[in-house]
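Just so it is clear, none of the values below were taken in a lab; they were calculated from the coordinates. All of these numbers come straight from a predicted model, not from anything done at the bench.
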Amino acid sequence: MDFKHSDVLGSGTYRDDGLANGIPLRIHKDPYSEIAGSLRAQRDWNSSVSPVQNYQGGLGHPYSFVCATIPECIPERLEIISYANEYAFLYDDEMENLDLKNFKEGRDDMLHVFRDEPLNEKVLDNVRPEKKLQAQILAEMMAIDRTRAITTMKAWAQFVELASRTRSEPFETLDEYLPSRAIDAGEMFWYGMLTFAMALTIPTYEFDLCMKLARPGYAAISLTNDLYSWRKEREDAEKAGQDYVFNAVWVVIQERKCTESTAIQICQEEIKRHLSEFEENIESPETKTLSRDTQAYLQAVRLSHVGNLVWSIYCPRYHRGVDEHLALSTQLGSAASRLLDTVFKFLISPFQHVFYTSQRGFLVQRLLRHKS
């Protein structure tokens, strides 16, 4: 893959808890477009759907989700991709709030946002506000790249339909859980996002093989998501009165009759195992004969893993203003590594603050110029 839009970060400048498998972290050169797209999505959702309160999405410091997971996004597509991703976070939170036994009807209404004419960019005034925003996303994407926008929205609709069935009951084993988790974590949604963001076209005759080769990568991404969102999801399930958590850590605890700490370690090893399998798939002679776009897609999934990993370690979405990733590192790292991490953050935090403040000032000026 040719790298045009991202910079690689030194491995010693961020934590990966030993789960990156040597994959370098790359960050998009334009963080401002992601901020603009994400904030616009929050503003539109707040004014059209429901108040956005006590919410954390893809934005984070020092890493935001899209810039970390799609570092080679074409710059002109970064803002709408970030808007779509933030909408997906908001939609997912709304679905989780409705996904209780007493709210099946409300959940089904939300599903119609994508079931009813997902490729219609013009909707009636009486449709749900979420549907209007979805149609707006489609229209903006189609104005950039009609063909790939249609591919993305079809994949998104398929993802929502499949994911709506995955949480109906708990799974007894990790082997049973993982295929459904890959669906729920957005395998098809991410396929649409990556192909649009990077202007990739996967030949029809290569699609099934492409998805098969990418599956261990998505398994690693899913397990990583579960590992770092575990405490948040456990608390949310308790508040909702649910007797199970749709999370690999919970499944392993039930299956192996083990402690939380042991379950986390097992998930760690599973991430490494799936990553090794994914690397073998990427480097196989069979893969080398595939189209350039298919190979680029597999490399993009590879970069998405490490981006998702590092973002998950630092993001406010999973840690809710508390430095819980340090608590998790009690189980993931040694005392020496935690001490070095703390000292490092203490030394560089003043410089980060200055840089972050200058970023925000630059963004405000840019948005004001755009508005005028």
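Hydrodynamic estimate: the Kirkwood radius of segment 122-272 over Cα pairs, inserted into Stokes-Einstein at 20 °C and 1.002 mPa s, corresponds to D of 124 µm²/s.
Shown in residue order for segment 231-242 are the 3J(HN,Hα) couplings computed by the Karplus curve 6.51 cos²θ - 1.76 cosθ + 1.60 at θ = phi - 60°: 5, 4, 5, 5, 5, 5, 5, 5, 5, 7, x, 7 Hz (x for Gly and Pro).
Pairs exceeding a 26 Å alpha-carbon distance, out of 4/232; 154/212; 212/232; 29/272; 239/272; 212/239: 4/232; 212/232; 29/272; 239/272; 212/239. Projected over all directions and averaged, the alpha-carbon convex hull of segment 17-62 occupies 4.8 nm².
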